[in-house]
Amino acid sequence: PPHGAGPRVMLREILLAVVFCAGACAQVPETDTPIAETAPAPTCGGVLVQGGLVVCRGVPGETFTVAGLTGKTARDGSAQFGISTSAPAVIGWSASDGSFGDLTIAPRHDEFRTIKGFDCDKVDARSPEQKAHAARSWQIKQDAFARFNSGPGALTGFIKPADAPTSSPFGPTRKYIGVSKVTGEPCDSVSVHRGYDMAAPVGTPVVAPAAGTVILADPDLYYEGGAIFLDHGHGLTSVFMHLSEVEVAPGDVVERGDLLAKTGNTGRTTGPHLHWAVKWRNAGSGNRGGDFYIDPALLLELPVSDPR
């Protein structure tokens, strides 16, 4: 370059390099900057049988509607809905982001049983004393079912609450025919068995099938005898009946496998056994009349895992 032009040429080259880098270099991503992940699309699945459970997953706070029932996902990103025993073959689901789909529900094939020669006092309260006891017990149960607690629900699976064989499944309709030993009057009644019975001798340990909060622990309910209600969260509550010993108190928080009670032969029962029922309560409604029992045996099909 001409004498005296060198510094000007160098300055121009430096400025051009800065301009080019401002356009090109800005397009190069920095490797240390985390890339945002796309939220997973909402989905629904579960144990898709009448008496089973639908588990929907989405972002926390997502609203799902399943078979007309609406609920929001908890911090774990799930919402859980019981499937009634009269559910249709296909039920729909939708999410607040616009996602939707259908779930095919397998039918049940439950038996009808007639039981004759039965002590009617094991079925219905008949004397004034029995009716008063039953009324007190009913109120205790209603108060407990009105309380809701957080928890994983069925996300981490269920184990059997007692080491004993099944004696009666969930679902059969039973017709009882007999005579009351108290009044001498005949009886004829029909009911559906809403529990999962295990033939356990008196004193067999009863453990929590999943983590939860105790919302009822009573040694002397009329029909149930010694009873415990364990709220697992997401509206799922285990009910244990006919207990000889109650080892927990309302408000206790237990983990899967923790001791709850000992089996017995208390309440309206014809022999020692554990009656385990699971009730799904719609937390989105203040009307407890819409709650219903689901099949505990179906919950045992869910994978068991440790909580995160």
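The values are calculated or read from the model by the stated rules, or taken from the named source; none is laboratory data. A quick note: this is a predicted structure, and the numbers were derived from the prediction, not measured. We place every Cβ from the backbone using ideal geometry, glycine too, and count neighbours over all the protein chains shown. The accessibility values were calculated without ligands, DNA or RNA, using every heavy atom of the protein model including side chains. Shrake-Rupley method; radii C 1.70, N 1.55, O 1.52, S 1.80 Å.
So here's what we get for this one:
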| read-out | value |
| --- | --- |
| Compactness of the stretch 147-277 as Cα Rg over 2.2 N^0.38 Å, two decimals | 1.10 |
| For the chain: lysine pairs under 15 Å (alpha-carbon distance), excluding those fewer than 8 apart on one chain | 7 |
| Fraction of accessible area attributable to carbon and sulfur, the chain (%, probe 1.4 Å) | 57 percent |
| Mean accessible surface per residue for the chain, computed with a 1.4 Å probe while every protein chain stays in place, in Å² | 52 Å² |
| Whole-percent pair-distance distribution, where bins are 20 Å wide, for the alpha carbons of the chain | 28, 45, 12, 7, 5, 2, 0 |
| Around Gly203: net Lys/Arg minus Asp/Glu count, Cβ-Cβ under 9 Å | 0 |
| Within-11-Å neighbourhood charge of Trp138 [Cβ basis; K, R +1; D, E -1] | +1 |
| Distance between the stretch 191-254 and the stretch 121-142 - C-alpha centres, whole angstrom | 19 Å |
| Helical contribution to [θ] at 222 nm, DSSP H n ≥ 4, -39,500 (n - 2.57), averaged over the chain, rounded to 500 | -4500 deg cm²/dmol |
| Total charge dipole magnitude, the chain, about the Cα centre, Cβ charges on Lys, Arg, Asp, Glu only, Debye to nearest 20 | 500 debye |
| Hydrodynamic radius of the stretch 201-284 per Kirkwood, over alpha carbon pairs, in Å | 12.5 Å |
| Ranked packing of 89-97, 152-160, most packed first, by mean Cβ within 10 Å | 152-160, 89-97 |
| Folded to 0 to 90 degrees: helix 6-24 orientation relative to the chain principal axis, Cα | 20 degrees |
| Surrounding net charge for Leu260, when Lys and Arg each add one and Asp and Glu each subtract one, Cβ distance under 10 Å | -3 |
